[in-house]
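Participant: After the structure tokens below, expect a handful of questions from me.
The values are calculated or read from the model by the stated rules, or taken from the named source; none is laboratory data. This is a predicted model, so every value here is computed, not measured. FYI the Cβ positions are ideal-geometry reconstructions off the backbone, even for glycines, and counts take in every protein chain you see.
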Amino acid sequence: MDSGIEPLVEKALALREKGLTRKEIALELHLSEETVSWLLARGIKTEKPPADIYVGWKSVGVFPTRLQHIAAIISDIIFEELEKRDEEVDTIVGIALNGIPLAVLVAQQLDVEMTIFRPTFNDSQGIVRGSFASNYATVEGKKVIVVDDVLSTGKTMSKAIESIKEHGGTPVLACVVVNKTQKNEIEGVPLRGLIRTTVV
């Protein structure tokens, strides 16, 4: 097995041992579920791995000041998009887990409310539902921006947007640090990423 793949196999197996589902492992490692399935099968040598891009941002995530700089860029993009659309925002929604610190910092910079969306997964169905943390702002009657770190397939972001609408909120923008897709919108909501990756 390729020596660059072995550490990912070990991480995926360790996360499975901790009880994480395939989807949760995919979110933790910033990989597609297909790639995680391949890693968990220990990357059978005769099988070519799926095309995917691993995104590791630990060098940013370990220091709050670095996260603040990323949040400042996201906030600048938000200001640009809101101005273009003559739109306002009331609440920032951070998708658990990695979108939470970014959402807190972005909400602080924009001086608006924030809340947390917690997706729930199972291996056979993927994302089955999601909920908003009760200790934070509600989305009802509010214009909302969704923030996350990495967009791999868009399924989690789609579920967050659907849930915002179901709870009476209006999603006006989705922002991510890394967009691993060619999507510019999700569920009719504009999507902006700091970085877009492409397999060539």
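Participant: So is K183 over 21 Å from H69 (Cβ atoms), assigned to a loop (DSSP other than H, G, I, E, B) and of a type outside the set (V, I, T) or not? Steps first, answer last, please.
Facilitator: Numbers: over 21 Å from H69 (Cβ atoms): yes; assigned to a loop (DSSP other than H, G, I, E, B): yes; of a type outside the set (V, I, T): yes.
The answer is yes for K183.
Participant: Continuing with this model, one more query. Just one of V128, V112, V89 is more than 14 Å from V176 (Cα to Cα), modelled with pLDDT under 95 and among the β-branched types (V, I, T); which is it?
Facilitator: Numbers: V112 fails: modelled with pLDDT under 95; V89 fails: modelled with pLDDT under 95.
Of V128, V112, V89, the one residue that is more than 14 Å from V176 (Cα to Cα), modelled with pLDDT under 95 and among the β-branched types (V, I, T) is V128.
Participant: Could you grab me the full set of residues in the stretch 168-200 that are over 20 Å from A26 (Cα atoms), free of Cβ contacts under 8 Å to residues at least 24 places away in the same chain and out of contact with any Leu (no Cβ under 8 Å at 6 or more places or on another chain)?
Facilitator: Answer for the stretch 168-200, where residues must be over 20 Å from A26 (Cα atoms), free of Cβ contacts under 8 Å to residues at least 24 places away in the same chain and out of contact with any Leu (no Cβ under 8 Å at 6 or more places or on another chain): G188, V200.
Participant: Give me a count of the residues in the stretch 134-156 that are on the phi > 0 side of the Ramachandran plot and surrounded by fewer than 19 Cβ atoms within 10 Å (Cβ to Cβ).
Facilitator: The first filter runs over the stretch 134-156 and keeps only residues on the phi > 0 side of the Ramachandran plot, leaving 141, 154.
Subsequent filtering for residues that are surrounded by fewer than 19 Cβ atoms within 10 Å (Cβ to Cβ) retains 141.
Result for the stretch 134-156: 1.
Participant: Still on this model: Taking the stretch 44-86 as the search range and keeping residues that are of a type in the set (G, A, S) and surrounded by fewer than 15 Cβ atoms within 10 Å (Cβ to Cβ), which one is modelled with the lowest pLDDT? Walk me through it before giving the result.
Facilitator: Of all residues in the stretch 44-86, those of a type in the set (G, A, S) come to 51, 56, 59, 61, 71-72, 75.
Restricting the remaining residues to those that are surrounded by fewer than 15 Cβ atoms within 10 Å (Cβ to Cβ) gives 51, 56, 59, 72.
On the way: A51: 71, G56: 80, S59: 89, A72: 98.
The qualifying residue modelled with the lowest pLDDT is A51.
Participant: A further question follows. Given the structure, is V172 farther than 18 Å from I100 by Cβ, among the hydrophobic types (A, V, I, L, M, F, W, C) and touching a helix residue (DSSP H, G or I) at 6+ places or on another chain (Cβ under 8 Å)?
Facilitator: Values: farther than 18 Å from I100 by Cβ: yes; among the hydrophobic types (A, V, I, L, M, F, W, C): yes; touching a helix residue (DSSP H, G or I) at 6+ places or on another chain (Cβ under 8 Å): yes.
Here the answer is yes, as V172 does meet what is asked.
Participant: Here is a further query. Return only the number of the condition from (1) in contact (Cβ under 8 Å) with a residue 60 or more places away in the chain; (2) closer than 24 Å to V146 by Cβ; (3) not hydroxyl-bearing (S, T, Y) that A51 does not satisfy.
Facilitator: (2)
Participant: Any idea how many residues of the stretch 129-167 are β-branched (V, I, T), assigned to a helix (DSSP H, G or I) and touching a residue at least 40 places away in the same chain (Cβ under 8 Å)? Explain how you work it out, then say what you get.
Facilitator: Here is the first cut: in the stretch 129-167, the residues β-branched (V, I, T) are 138-139, 144-147, 150, 153, 156, 161, 164.
If we keep only those that are assigned to a helix (DSSP H, G or I) as well, we get 156, 161, 164.
So of that shortlist, the ones also touching a residue at least 40 places away in the same chain (Cβ under 8 Å) come out as 156, 164.
Adding up the residues that qualify gives 2.
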